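Engineer: Below are the structure tokens for one structure; questions will follow.
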Ligand code: ADP
Ligand code: ZN
């Protein structure tokens, strides 16, 4: 593969050389220049001949040795030695008497235009054409100038480690991901057991998670646990500027891997290679497409039980080409979230294993002070603290060293903005608690799987995740109303507890409004509007007050607005009542969130049940249709979950009601 790569640069290099040679050889050097006054003198002395006069220059020949000798020494020196005539040139000076004097001197002369064709061609057009070709060549590779500069620097490195030395004990806080990989380990160790029963092991596993959450670590540990070789390569290093190189590398990688089977192949930054094809029409990307196609071909080609397991990591799964995610390719996904409080404590413990800690060090407290930090950050903090202690020549690492390290790690890092102040934390906790409590107290809602106030994604600061118990295609009015309540729950909780509201509910309100609008204008769920479907061409409410060209007649539009508002304010009233009735439970959930950051389904039920048994709660409710702990189907795994997120800022567009 190296040969192909080099031949590309050699072609470029030779092209440049040829161009330079052409410039030197064919653009003959101009003859020596002399002063105009000398020219005049020599003309009068009949010492010049064969003049060619252009608008800017006069060139000709000196007839004799003496003429050359009569020039100032510095000019004379520029002439070549030898016999006359000597070619010379002079810059033309505005001189109206020149023709007369030429005639008087009786020399032959002719006029000419300034530039001759061949010099123009060589000096300008050829290089221009050449550079346009080179430029297009580079752009077509999709790399642009950056790749051009890095020619020869970025070679795809396939790292092969026969033994990674990493095991699952080096990973903490992501137990679910570990558990999922356990099965793969046992397959690699006892393949015959699986083959005998005809079981198929997934070929490709996609690990999704933010940078530094331990994706690479997980892949390495898998290889370490199974004691198989570990191939790793970065997706970005596949994509080089010359067509065919990446594809050849993929072929090569799989060839090597199959020879070493059983083994693990790990592709980091899969998104660099597997972006949706044809997404960028401006700069063609033949090279990336070819590489991606080759990867798909290889994945389809090898036997599922050949013992080669492909792992890939990405933090942007949404940009991947769908072909990569199809069955038989990367069809198994493992998501790694940012670690929660407990996870962070465990990760700190793993990294503090070899570090002598002072008695005052409290990992629990350190974990509490580093919300939003990922494994890599925590590893870095432990390391910084150890370095700090070593600098001061201390015997062990104290809490003061950790303080310093945390400050240093958080300073200047983007995550600083993620470290919320106390008031923000309380706001988010109550907001999410509101969503969760309302969701659990409505009969027609999906059960809450998880409530979290760990930053997730770009915008969300906290979120409540509901998992449906089954696939749904038709929703009843009562179900939609309950969903409306859940969306309003966050905002209402803030209102109830603080008597004040925050910006965090923007997305909730947007979704609630859209849902209410659909109920009124499309689903015929409002008595006042009746069965009319008032939405022509699926127009969405940009804002209820906005004048929207696609909206129906003004009177109907007014009616729709009124009904939407009524639905929302009714929901708000219901939710406020629910929350006020269960204020104790709300407080308990919020408090636990502040302590633990994450609450899972079972714990949430316990918290809600807490001091207020379900039967009493239901009896105390004036709205008897909504018992405190509604009977709900047991929690199902998988399925498309609904996430109600508390957003830092929201740029999502309203979607259809779920
Ligand atoms: P990613 O591939 O997701 O960007 P890495 O696997 O390269 O992250 O993690 C970088 C380093 O961070 C690891 O080498 C390890 O020291 C530390 N780390 C990350 N996650 C964990 C974890 N869950 N447990 C222990 N250490 C971790
Ligand atoms: Zn919310």
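Engineer: For the list (1) surrounded by 21 or more Cβ atoms within 10 Å (Cβ to Cβ); (2) modelled with pLDDT under 85, I need the number of the one condition that residue 214 fails.
Structural biologist: Result: residue 214 passes all but (2).
Residue-wise test of (1) modelled with pLDDT under 80; (2) within 30 Å of residue 122 (Cβ to Cβ).
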position	(1), (2)
28	yes, yes
47	no, no
59	no, yes
70	no, no
82	yes, yes
89	no, yes
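Engineer: If a residue must be assigned to a loop (DSSP other than H, G, I, E, B) and surrounded by fewer than 11 Cβ atoms within 10 Å (Cβ to Cβ), how many such residues does region 83-105 contain?
Structural biologist: The total comes to 4.
Engineer: Next question. Which condition from (1) over 28 Å from residue 290 (Cβ atoms); (2) buried (at least 18 other Cβ atoms within 10 Å of the Cβ) is the one that residue 312 breaks?
Structural biologist: Here residue 312 meets the rest and fails (1).
Engineer: Could you identify the single residue in 317, 339, 327 that is away from ligand 2 (no atom under 16 Å from the Cβ) and exposed (fewer than 15 other Cβ atoms within 10 Å of the Cβ)?
Structural biologist: Of 317, 339, 327, the one residue that is away from ligand 2 (no atom under 16 Å from the Cβ) and exposed (fewer than 15 other Cβ atoms within 10 Å of the Cβ) is 327.
Engineer: Only residues in region 320-334 that are under 19 Å from residue 289 (Cα atoms) count as the first member; pair them with residues that are in a loop (DSSP other than H, G, I, E, B), Cβ under 6 angstrom, at least 6 apart or cross-chain, and list the lot.
Structural biologist: If the second residue must be in a loop (DSSP other than H, G, I, E, B), the pairs left are 321/276; 321/277; 324/330.
Engineer: Among 289, 298, which is buried (at least 17 other Cβ atoms within 10 Å of the Cβ), over 30 Å from residue 450 (Cα atoms) and at pLDDT below 80?
Structural biologist: Only one candidate passes the filter, namely 289.
Here is a yes/no grid of residues against (1) within 15 Å of ligand 1 (Cβ to nearest atom); (2) modelled with pLDDT of 85 or more; (3) within 19 Å of residue 329 (Cα to Cα); (4) touching a helix residue (DSSP H, G or I) at 6+ places or on another chain (Cβ under 6 Å):
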position: 229; (1), (2), (3), (4): no, yes, no, yes
position: 241; (1), (2), (3), (4): no, no, no, yes
position: 262; (1), (2), (3), (4): no, no, yes, yes
position: 267; (1), (2), (3), (4): yes, yes, yes, yes
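Results for (1) in a helix (DSSP H, G or I); (2) modelled with pLDDT of 80 or more; (3) in contact with a helix residue (DSSP H, G or I) (Cβ under 8 Å, 6 or more places away or on another chain), shown as yes or no for each residue.
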site: 385; (1), (2), (3): yes, yes, yes
site: 389; (1), (2), (3): yes, yes, yes
site: 395; (1), (2), (3): no, yes, no
site: 402; (1), (2), (3): yes, yes, yes
site: 416; (1), (2), (3): yes, no, yes
site: 420; (1), (2), (3): no, no, yes
site: 423; (1), (2), (3): yes, yes, no
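Engineer: Among 181, 217, which is the only one that is in a helix (DSSP H, G or I), away from ligand 2 (no atom under 16 Å from the Cβ), in contact (Cβ under 8 Å) with a residue 40 or more places away in the chain and in contact with a strand residue (DSSP E or B) (Cβ under 8 Å, 6 or more places away or on another chain)?
Structural biologist: The conditions single out 181.
Engineer: Same structure, new question: Specify which of the listed residues (483, 522) is modelled with pLDDT of 85 or more and assigned by TED's automatic domain parsing to the domain that holds residue 563.
Structural biologist: 483
Engineer: Let me ask you something else. Name the residues in region 377-390 that are touching a strand residue (DSSP E or B) at 6+ places or on another chain (Cβ under 9 Å) and crowded, with 20+ Cβ neighbours inside 10 Å, would you?
Structural biologist: Passing the criteria: 382, 385, 386, 389.
Engineer: Considering region 353-376 alone, what residues qualify as being surrounded by 18 or more Cβ atoms within 10 Å (Cβ to Cβ) and within 11 Å of ligand 1 (Cβ to nearest atom)?
Structural biologist: Hits for region 353-376 are 373, 374, 375.
The values are calculated or read from the model by the stated rules, or taken from the named source; none is laboratory data. Computed from a prediction, not measured in an experiment: that's the story for all the values here. Please note: Cβ atoms are built from the backbone with ideal geometry, for glycine as well, and neighbour counts cover all protein chains shown.
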